[in-house]
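Notes for the one structure printed next.
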Amino acid sequence: MSRVVVITGPSGVGKGTLIRLLREQLPQLGLSVSATTRPPRPGERDGVEYHFLDEPEFARLAFEGAFVEHAEYAGRRYGTLRSELERRAAAGEPVVLEIEVQGARQVREAIPDALLVFIAPPSREALRERLVGRGTDMPEVVERRLGVAELELRAQDEFEFVVVNDRLEDAVRELVAVVREAIGGPVDCEP
Ligand code: 5GP
């Protein structure tokens, strides 16, 4: 059974929403809080959405080997802290990571039994609409993220499980089924 679940895919594809709904159905699944050098968006809290670090602090932790994986994404650094996973592993809890593709590849190497799921948009246009529409980033940041998304979309064949986030309810159902199987959660008893 896999205790580490990686949800990857391009920015704006809906990974965060899917993970929130996944965890409502599988509450035993802990969420790994990543570190990043990007500034907090309005409403984001340090230690909740991310551990917000400055560049020297991130570099120091990377040098010390504190990250299971880390990557640069659209000019900012992001990484999964070893401590986030070890804390869960010690308690026997499964954990889910929301990370971009380079990081997912690193986790595949470091934790071969991790479950990796790629979330794909129904189309490139739908992804653009979502990234522009959510209004969390400046236009030049959106353009940069779309450029990265092109490369990320080409990586989807590397992943054993691909869930297309078209109708949200369908995507959640599919994701819950795959993750439940991997972490060995209780069987759903819906009539
Ligand atoms: P955002 O700035 O929109 O929060 O995140 C940008 C991208 O970085 C998203 O694709 C997100 O999944 C990814 N990301 C978040 N945390 C991590 C992490 O710890 N490692 C890696 N490799 N990517 C991350």
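From largest accessible area down, sort V132, V142; use a 1.4 Å probe on the protein chains. Mind showing how you got there, number by number?
Details: V132 85, V142 10 Å².
The residues order as V132, V142, largest area first.
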* **Calculated SAXS-style log₁₀ I(q)/I(0) at q = 0.09, 0.17 Å⁻¹ - the chain, Debye, Cα scatterers** => -0.32, -1.20
* What are the ³J(HN,Hα) values, in whole Hz, obtained from phi via the Karplus relation 6.51 cos²θ - 1.76 cosθ + 1.60 with θ = phi - 60°, for each residue of region 116-125 in sequence order, with x given for Gly and Pro? -> 10, 10, 9, 9, 10, x, x, 7, 5, 5
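Of the listed peptides 97-110, 40-53, what is their order by residue-averaged count of other C-beta atoms within 10 Å, with the highest listed first? Walk me through the intermediate numbers first.
Details: 97-110: 20.1, 40-53: 12.4.
The densest-packed peptide leads the list: 97-110, 40-53.
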* Quick one: net charge around L22, please, counting Lys, Arg +1 and Asp, Glu -1 for every other residue with C-beta under 12 Å from its C-beta. => +2
* Structure fact -> Taking Lys and Arg as +1 and Asp and Glu as -1, residues besides A114 with C-beta under 9 Å from its C-beta add up to +1
* Asked: GNM, the chain, Cα, under 10 Å: largest mean-square fluctuation among L61, L116, L175?
  -> L61
* To do: For Y50, list long-range residues whose amide hydrogen, built 1.01 Å from N in the peptide plane, is under 5 Å from its own amide hydrogen.
  => R45
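The values are calculated or read from the model by the stated rules, or taken from the named source; none is laboratory data. Quantities reported herein were computed from a predicted structural model and do not represent experimental measurements. Cβ: placed from backbone, ideal geometry, glycine included. Neighbour counts: every protein chain shown. Accessible surface is based on the protein model in full, side chains and every heavy atom, while ligands, DNA and RNA are left aside. Shrake-Rupley method; radii C 1.70, N 1.55, O 1.52, S 1.80 Å.
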